[in-house]
Amino acid sequence: MSFMAQCKEPGCPFFGSEQFNGFCSKCSKVVEPSTNITLLNPEKESKESCRCKQCNRKVGLLGFTCQCKNTYCKKCRHAEQHNCTYDYMSVGKMQLMKDNPHVHAAKLQPM
């Protein structure tokens, strides 16, 4: 746990945080509003992922994100349709090995 110190803003009664560079959450919004770039430009990410990677069709809000981190339409969403590079078989085998550990039973003694 990090050391809690008073907020850097003079006269503020709250504690500051390392997450907000020594300011409290309220003062950090007033002092440093331009440091969070993702809040200022949210449209860049949505424009990149609004089309199907395979057929270039607009998908809008109904786009499917595959395990290979690409967005596809409803017809191209299956791994066989878009030649997915994600290895589902090895992930499935590892999950089965984790869920079903091998049990060694002791032999029964004859009577």
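Bear in mind these aren't lab numbers, they're just calculated from the coordinates by the rules spelled out. None of these values were measured; they are calculated from a predicted model. Every residue, glycine as well, gets a Cβ built from its backbone with ideal geometry; the counts of neighbours run over all protein chains shown.
When the pairs K53/K93; K26/K58; K69/K98 are compared against a 31 Å limit on Cα-Cα distance, K26/K58 fall above it.
Extension gain for the segment C68 to Y86, taken as residue separation times 0.36 nm less the Cα-Cα distance, is 5.9 nm to one decimal. Just check the range 43-91 against the gyration tensor rule for me: Cα atoms, a ≥ b ≥ c as the square roots of the eigenvalues, rounded for a/c under 1.5, and otherwise prolate or oblate depending on whether a/b exceeds b/c. Here the range 43-91 falls in the prolate category. The order of C24, C7, C12, going from fewest to most other C-beta atoms within 10 Å of their C-beta, is C12, C24, C7. Of the peptides 101-110, 70-79, the order by per-residue mean of other Cβ atoms within 10 Å, starting with the highest, comes out as 70-79, 101-110. Taking other Cβ atoms within 10 Å as a rough exposure proxy, V59, V30 sort from fewest to most as V30, V59. Sorted fewest first by neighbouring Cβ atoms within 10 angstrom, S90, S17 come out as S90, S17.
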